[in-house]
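Rule-based calculations on the coordinates, nothing more; no lab input. Worth saying up front: this structure is predicted, and the values here are computed from it rather than measured.
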Amino acid sequence: MAAHRQTVVVAPRVPTTLVTPRVPTTLVTPSLAPTITGVEPDAVKCGGTCELRLFGRNLESVTSITIRPSDGVRVLSRPIPVSLSELRLRIAVDADATAGRRSITVGAPELRSRISTVGFGVECAGPRPGASRGSS
């Protein structure tokens, strides 16, 4: 019997390079919702103007500020970003404003579902509404 001969062909090693067309890419990072964690001062007086300092995270995206209840308190300026963690805001408090706590809510248009709120007080001289006056 004759020996069976097998021939193996080895292909020469050819370097392969994968070439992909260059496609411009833009990385889009979603905005993070603004979060307020504090406000200074903690209380304001009736009958004047005041600058509020809001503290938190991602405050550069704030486009709206709401104060509730708003009776007697008006926002005089747009929020001014001082840093990523601080905003300043001027408000006016009427002389006859109702004393008590107010809440401040900040928001950004694309992030309406995540709202952050802190509070401050309004202090007025004289009796609070509904308080009885003592007789002398």
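List of remarks:
- Overall form of segment 35-114 per C-alpha gyration tensor (a/c, 1.5; a/b vs b/c): prolate
- Centre-to-centre separation between the Cα atoms of segment 51-70 and those of segment 30-49: 5 Å.
- Full extension of the chain between SER83 and THR49 yields a length gain of 10.0 nm, computed as 0.36 nm times the residue separation minus the alpha carbon distance.
- Taking 0.36 nm per residue of separation and subtracting the current Cα-Cα distance, fully stretching the chain between LEU32 and SER103 would add 23.4 nm.
- Residue separation of THR117 and GLU60 scaled by 0.36 nm, minus their Cα-Cα distance, works out to 18.9 nm of gained length.
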